[in-house]
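Worksheet for the structure shown next.
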Amino acid sequence: MRFDGFGENAVDFYEGLEADNSKAYWSDHKVVYDDHIRTPMLALLAELEPEFGTGKIFRPHRDVRFSKDKSPYKTHCGAVIETPGAAYYVQLGADGLLIAGGAYRWAPDQLARYRAAVDDQRRGADLQRLLGGVAGMRRAGATLRTRPRGYPADHPRMDLLRHRSLYLWRSWPPDQTIHEPACLGRVREGWQAAGPLAGWLADHVGPATIGY
C-alpha cells in the first residue's frame, strides 16, 4: 500500500466529531473516516513496517465503562507499532499530527528493571547520553513528585529515576503536509530519532512478565 497523505477532509472530520460526538454524526460521516483517515493510516503503517515492524490502529470507540465522560468516540486516530519494552506511536486529530516513541506505561517488574538500569553507572549514563543527543523531540512521561524509595536524594540521575514512564514526542498543527506523501517522512524521521531510546528500553527493561 502506498501512502499519499491523509485525506483532505481528515482534520475536518475530527473537528466535527469534537463538536458532535454522537453515533448519528459517526454514521453520517463514516465514509470520511474510512477513506480519509483509516485507509491512509493503514498505508502509512505498511510503508513503515519493513523498518519498525507490524502496526495496528486503535479502535475508534472509547471505553466509557469507568469514565464520567460518556462520549462514544475518540477524537483522534491512533496507531502503534510495539517492540519489546517500548512502542512507536502516531496520532491524527483536529489538532494535527503527533508522533512518539518509548514507553507510555510500565508494569511493576518493568519499572523495577528500569530503575535498576538507571541506577547502574554505565547503563544510566548511556541513557542520559542518548536522550541528550536527540534533536527535535521532547522528553515526557509520568513522574514521581518525590524520589523513589531506596535511592539517595543526591543521586546523579534522580530526574530519570523519578520517571514511571518515558518517551519522546513531537507534534505538528494541521497543515498541508499532513495531506501529502511528505507526512510519511515526518513520522519516519521522528521514530528514527526515538529509536535509540526504544533500543535502550528493549535491552534493559523488556516486556512485562506480570500484569499491570
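The values are calculated or read from the model by the stated rules, or taken from the named source; none is laboratory data. Because the structure is predicted, anything quoted here is derived from the model rather than measured. With ideal geometry, Cβ positions are generated from the backbone for all residues, glycine too; neighbour counts draw on all protein chains shown. The area values use the complete protein model at the heavy-atom level, side chains included, leaving out ligands, DNA and RNA. Shrake-Rupley method; radii C 1.70, N 1.55, O 1.52, S 1.80 Å.
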Problem - Value of relative contact order over the chain, rounded to a whole percent, pairs C-alpha under 8 Å and six or more apart - result: 26 percent
Exercise for the section: Indicate the gyration tensor shape class of the range 1-118 (rounded, prolate or oblate), computed on the Cα atoms with a ≥ b ≥ c the square roots of the eigenvalues: a/c under 1.5 is rounded; otherwise a/b larger than b/c is prolate and the rest oblate. Expected result: oblate
Practice task
Could you work out how far apart the two model spin labels at Asp120 and Glu189 are, taking each label as a point 7 Å from the Cα in the direction of the beta carbon, and quote it in nm?
Solution key: 3.4 nm
Completion exercise
Normalised Cα Rg of the range 101-212, dividing by 2.2 N^0.38 Å with N its residue count, works out at 1.19
Fill in the blank from the handout: Heavy-atom accessible area per residue of the range 54-211, all protein chains kept, 1.4 Å probe, expressed in Å², is 52 Å²
Exercise for the section: First check a/c for the chain, with a ≥ b ≥ c the square roots of the eigenvalues of its C-alpha gyration tensor; if it is under 1.5, answer rounded, and if not, answer prolate when a/b is larger than b/c or oblate otherwise. Expected result: prolate
Handout entry: Backbone N under 17 Å from the Asp20 label point (7 Å along Cα→Cβ), restricted to the range 63-92
Key = 71-75
Exercise for the section: Compute the separation of the alpha-carbon centres of the range 135-190 and the range 32-99 and state it in Å as a whole number. Expected result: 18 Å
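Let me know the shape class of the range 25-88, please: from the alpha-carbon gyration tensor, a ≥ b ≥ c as square roots of the eigenvalues, rounded when a/c is under 1.5, otherwise prolate if a/b is greater than b/c, or oblate. Before the final figure, lay out each step's value.
Values: a/c = 4.47, a/b = 1.38, b/c = 3.23.
Oblate, since a/c reaches 1.5 and b/c is not below a/b.
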Exercise for the section: Would you mind computing, in nm to one decimal, how far apart the modelled labels at Asp12 and Thr177 are, each placed 7 Å from Cα along Cα→Cβ? Expected result: 2.3 nm
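How much length is gained on full extension from Gln128 to Thr209, taking 0.36 nm per residue of separation minus their Cα-Cα distance?
This chain segment gains 26.6 nm when fully extended.
Given the rule -39500 (n - 2.57) for each run of at least 4 DSSP H residues, summed and divided by the residues of the chain, what is its mean residue ellipticity at 222 nm, to the nearest 500 deg cm²/dmol?
-12500 deg cm²/dmol
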Problem - Protection-proxy order for peptides 177-187, 144-154, 38-48, each taking the mean of Cβ atoms within 10 Å per residue, highest first - result: 38-48, 177-187, 144-154
